[in-house]
Amino acid sequence: MTQTLRHPEKAHKPDNPSPRKPAWIRVKAPTSQEHAEVRKLMRAGGLNTVCEEAACPNIGECWKRKHASFMILGEICTRACAFCNVATGKPGAVNPHEPDSLAQAVANMGLSHVVVTSVDRDDLADGGAGHFAQTITAVRRRSPATTIEVLTPDFRGKAGAMETVIAARPDVFNHNLETVPRLYPTIRPGARYTHSLAILAQAKALDPTVFTKSGIMVGLGETRDEVLRVMDDLRAHHVDFLTIGQYLQPTPKHAGVDRFVTPDEFDDYKRLGLEKGFHLVASTPLTRSSYHADKDFEMLRAAREKALAGGLI
């Protein structure tokens, strides 16, 4: 099957030169033996990772710890968000062996917590929800002690998709808002802010025990007040865990960086988020949805147990 794909850097868009990165977000190139081993394992299993496809700045650190975030349903996305480095185009057929291959990789790596995300698959009748469920089931079968976090697309227009995913009983349901609603038309044009909020609430309604999680990028031109309103919206929709990180422009063809948010501002967002009632807030320049997800899950579980014991929820 011929695939039509487009990388954002090859699109006919004007260049957006990125300002020089400050010292607090510069990272070393990955060179560890562990990094090479994880890459070899992924290639052997025909697996994709969001670490590579999205050009995550933390790949060296995470893969050195042998922690990777898997990206299922192929490597070609049906949408073209202005911030994302994943290729856009017409995807190929879904690999029916992918859930078992991923489960084998999780077992081989000895992961205590795994993050599974995907490209958008608007071409599929269920948006890929069934494939998510099969992947959760395969990991549970092979590694029953491993906790599972899914970071899903929004499944717009796909009736029953959320029910399918939540019925497979992930430990964490994550769906990122990505930015403030004012910036959706330019940054996330294929999505709707209110719909993304609604599926986060739906996940909790379908399974009150599941942890819900969402994340945003800052440095795209949002204001502090807009970020605080997003926090309020997420708490109104019963989201437990918020991640906030600095937007880093993958190529000059992507949305430009408006500014680099300082570490002090990230600390302030964390303080305010916790005051608003989130069980956990990860807010640093290098924070990404799956960064330190294994450690964060333990803290999230402990925070909820503490809140239950104190009669706060």
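Nothing in this text is a laboratory measurement; each read-out follows from the coordinates by a stated rule. Just so we're clear, the structure is a prediction, and the values are computed from it rather than from any experiment. Note: ideal-geometry Cβ built from the backbone for every residue, glycine included; neighbour counts use all protein chains shown.
Structure summary
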| item | result |
| --- | --- |
| Residue order, fewest to most beta carbons within 10 Å, for Leu286, Leu206 | Leu206, Leu286 |
| Taking Asp154, Asp225 and counting other C-beta atoms within 10 Å, the order from fewest to most | Asp225, Asp154 |
| Approximate spin-label separation Lys90-Leu308, in nm, with each point projected 7 Å along Cα-to-Cβ | 5.0 |
| Förster radius 25 Å - calculated FRET efficiency between Ala198 and Ser18, Cβ distance, rounded to 0.05 | 0.15 |
| Exposure proxy ranking, count of Cβ atoms within 10 Å, fewest first, for Thr243, Thr223 | Thr223, Thr243 |
